[in-house]
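In what follows, a single structure is set out as structure tokens and then discussed.
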Amino acid sequence: MRCPVCKIPMVIVEYKKIELDYCTKCLGVWFDAGELELLIGQLSLDKEDPSLNDIWTLPEVSVAEKTRRCQICRKKMKKVHIGEGDKVLIDTCPNRHGLWFDSGEVSRVLSQLKSKAPATENQERVIDF
């Protein structure tokens with residue numbers, strides 16, 4: 001898979017049988033459909049965040065950031081805010097193929113969820129990673 005930002009091949013990073021595509025240049029991460037939920041479940045984080053319940057139906061936000069294309073279907077992705085308080089802007093495929101997180105965005109989302117759940121060794125390792 002190629003990075004939707006840099007257009008270079010991404011590497012696959014595996015954590016507990018969840019394979020994520022990672023760009024070594026811009027440090028962005030691609031989650032295939034369902035992988036974010038799997039990661040949150042593996043870390044025993046709060047799955048009840050309203051903005052994570054159905055990412056696919058969140059309203060699109062208008063921002064200056066360049067539109068990106070899904071690396072599976074090539075459709076323009078929709079920009080949505082997730083999280084509470086300090087919302088995180090991510091890109092979602094209109095055909096629900098996956099989610100794109102720019103550098104640091106995964107950490108911000110996990111940190112928000114971590115603050116709602118009791119800390120565990122697994123949470124600390126992934127957030128640090």
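Set the Förster distance to 22 Å, then compute FRET efficiency between V61 and R2 from the Cβ-Cβ distance, nearest 0.05.
Values: r = 25 Å, r/R0 = 1.14.
Calculated transfer efficiency: 0.30.
Sorted by accessible area with a 1.4 angstrom probe, largest first, how do M10, M1 fall?
M1, M10
The values are calculated or read from the model by the stated rules, or taken from the named source; none is laboratory data. Predicted model, so just to flag it, every value in this text is computed and none were measured. Don't worry about glycine lacking a Cβ; one is built from the backbone with ideal geometry, like all the others, and counts go over all protein chains shown. Surface accessibility is based on the protein's heavy atoms, side chains included, excluding ligands, DNA and RNA. Shrake-Rupley method; radii C 1.70, N 1.55, O 1.52, S 1.80 Å.
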